[in-house]
Amino acid sequence: MLAQERRLAAIAAASAAAFRRSDYHQVRAEDVAERVRLPRGGDSGSGRSAVWLYNEVRSRRVLVALAVKHAFDEFTAGEPAPPPTRSVLDAQALVTSALRRIARFHQLDRFMLAQVRLGIGDISTSEKRPSAAQTPPGWLPGTFGAAAAAGWEGRVTAYAEYLAPRLREAALTVTVPPEGWAVASAERLSELAFRAMVDDPEGPVDHQANALAAYWLSRDLVPLAGEWADRLHTAERTCELTERIGPNGRARVRALDVVFQVLLDDSPLLVRAAEVGGELTDLIGDRAGDRQWRCDVTSRRGLALLRLGDTAGARAGFEESERIARDFSDDFDRESYLTRAEHNLAEVLVEEGRPTAGRRALERVAAKRAEGVPEIGVGAPWRRLTLTRQALAAAETRSGQVVAGVVLAEQVVADREERLGADNVNTASARVTLAEALLAAGHPAQARHHLTEAMRLRALHLPKEGYWPQYDLVRLAEIELSAGFPAQAVRLLADSIVMTPWFADRVSPRLRRDATLIRARALVASGDVAQALDDLERLPPDRAARRARAAALLVMGETEAAVRLLDTIAEAERELEDDHPGQAETLLLTARAATVLAEDDAANAAAAALGALGKEAMDATHPILLAGRLDTALQRARTGHASDVRDLLAPILDRKVLAHRKPALGDGHPLLAEARALATRVGDPPSALPEDRLWEDL
């Protein structure tokens, strides 16, 4: 391939030189061939024959296509890489600038391009013969090979190599383009630019570039990202025009509000939504007539910041909205604005790692919002109440009350199905919360069922690169990991958008962190601990990441390092005293490390503390607590205390249904399988009831 590229590059230089000096019809193959200068080596020498040239290019169309490729490469040599863009207007401006550069090339090399225009449609005498072979020649992939192949077809893609990185950078404003998209788009735009500019050499350069960029936006970018990109472009354009009319005037503030709404409601671009929301808040000010507007903007911006993982910024926004709402009159529905702020601040507590405090706050909000809500209908009071109940179900789950979390999540789903229908996108959102509750409660198979159904529905309404579709994918990977399929979890996340730097920069760094954490845990379970530790090194050192790192160190045999890390986590958790599932996981890992180091007293103390959490703070059947019982049972079996194993395994093996109408662990859960295997090994296999066997075989 390299040898062919060198030959085609030399032919391109010779062809450009020939067509710059003479009219198309006066240039003979011999004129081009004698100008060919190949680098020294296997193809060294000065000049070539017309026969050799024909064997390389097979057509004068290829000659002129290579000529324009060489000339344009010379013209753009040394240009820097395209800068990143943040708005659709910036993206369009980047493409327009590139096209303006091409137009400048057309002005400077007008004579040669006129010859290319004549030659690109030329058909040789041999091609006209019916007996001539019509199979096109094959050029290997490469810069000049692609230009030659396009020239054979009568197209000029000489500008594609220059355009492709700029089109990709422009596309990254709104989405991650698939492999090969930028090149295909650049080749199409190159051909259009060549035809437009060479056929109308007197046309106004700026207008040509603007028109071609607008066409590219509608033809390639909007279909790639979705129709929301067109709405965002229109809103940005309006905002730009109002800025020209009167900087920071009321018209611009209103236009910027439209940009903010499109970013939040339609696009995946949460990071930019938060930025625009901050700018909008400053411009609105604190005028009395704008207080409701400012209250809504600060609240919605807080939601965006919460999904980004900026809990401090989200808290500040919600507190500001609460402060504004306190000055509302009672006739202004003051109480609903205040309870909205209370609800949002409670969700901040949950995300800050204080789920118990968040749960209590949400209980108070739910009690307020439940007053006067009708039994039927989907009005605003019910919508507010169901959102609080959904958040409360998630907080119950996060605080370790998994049975109550499942019960409440099922109630929310049933209520929304009755009022909205099973296929409504908001019913699907409630199903995601139910799936999370089921997962935390030890029922990954049921969680998978509800989540995949919700994913199907949400994918119909939301951009695939957006926060919620990618959130669903991360939760699915977590389910596969919990169900004992870590390799499947790794595969799900391997090529996903959520793992890309683009997602962290434009959508949600927090969700990207969660995905990386789950992938690292799955890698540890799959045996690739080194890769997992490498991934964890790049994460902010919060408690969840440090726990995952400690678990990886234990698997690697770095037990003492794991213990030191766990001690720092335990110290932070003693000050917090709220994240009970997190504390339970820390104690579980501490007990395992102490067991490896043969520190029986420390292991027993950690196991006892873990068991104590199940008496008040958490459900006794929480999978983390059951994992602790299984660890203790395994240790007792190894040390010859098999008599203790039955009592330790009893809650794990118990198939009685609990308040959520399910046993402690779902069938197929890895903990349940390990417990059954251990019970069988110590001579106390669990009894098999008729309903536990396949009835067709009875």
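This table checks each residue for (1) in contact with a Pro (Cβ under 9 Å, 6 or more places away or on another chain); (2) touching a residue at least 12 places away in the same chain (Cβ under 8 Å).
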position	(1), (2)
T632	no, yes
Q635	no, yes
D647	no, no
D654	yes, no
L671	yes, yes
A677	no, no
D684	no, yes
Completion exercise
Pairing a residue in region 417-435 that is hydroxyl-bearing (S, T, Y) with any residue that is surrounded by fewer than 16 Cβ atoms within 10 Å (Cβ to Cβ), where Cβ atoms lie under 8 Å and the two sit 6 or more apart in sequence or on different chains, gives T427/E417; T427/G421
Practice task
Looking only at region 313-326, decide whether some residue is more than 19 Å from S299 (Cα to Cα) and out of contact with any Cys (no Cβ under 6 Å at 6 or more places or on another chain).
Solution key: no
Completion exercise
R519 vs (1) touching a residue at least 60 places away in the same chain (Cβ under 8 Å); (2) buried (at least 20 other Cβ atoms within 10 Å of the Cβ): all pass except (1)
Exercise for the section: With the condition kept exactly as written, say whether any residue in region 18-38 is polar (S, T, N, Q), closer than 15 Å to L118 by Cα, in the same structural domain as F105 (by TED's automatic domain parsing) and surrounded by 12 or more Cβ atoms within 10 Å (Cβ to Cβ). Expected result: yes
Handout entry: Leading residue by the ranking (modelled with the lowest pLDDT) among those in region 641-686 that are farther than 26 Å from L438 by Cα and in a loop (DSSP other than H, G, I, E, B)
Key = D684
Practice task
Could you run through region 541-586 and say how many residues are assigned to a loop (DSSP other than H, G, I, E, B), more than 22 Å from R513 (Cβ to Cβ) and either charged (D, E, K, R) or modelled with pLDDT under 90 (or both)?
Solution key: 2
Practice task
With the checklist (1) surrounded by 21 or more Cβ atoms within 10 Å (Cβ to Cβ); (2) part of a helix (DSSP H, G or I) in hand, flag the one item E453 doesn't pass.
Solution key: (1)
Fill in the blank from the handout: Of the residues in region 311-337, those that are surrounded by fewer than 18 Cβ atoms within 10 Å (Cβ to Cβ), touching a residue at least 24 places away in the same chain (Cβ under 8 Å) and among the charged types (D, E, K, R) come to E319, D327, E335
Fill in the blank from the handout: All-but-one check, A441 against (1) touching a Ser or Thr at 6+ places or on another chain (Cβ under 9 Å); (2) among the aliphatic types (A, V, I, L, M); (3) closer than 30 Å to R231 by Cβ; (4) buried (at least 23 other Cβ atoms within 10 Å of the Cβ), failing number (3)
Practice task
Scan the helices (runs of 4 or more DSSP H) fully inside region 33-123 and keep the ones with 2 or more residues being hydrophobic (A, V, I, L, M, F, W, C) and farther than 20 Å from G145 by Cα.
Solution key: 88-108, 110-119
Practice task
Would you confirm whether any residue within region 286-300 is small (G, A, S), under 30 Å from R326 (Cβ atoms) and touching a helix residue (DSSP H, G or I) at 6+ places or on another chain (Cβ under 8 Å)?
Solution key: yes
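The values are calculated or read from the model by the stated rules, or taken from the named source; none is laboratory data. Keep in mind it's a predicted model, so treat the numbers as computed, not measured. Counting neighbours? That spans all protein chains shown, and the Cβs are built from the backbone with ideal geometry, glycine included.
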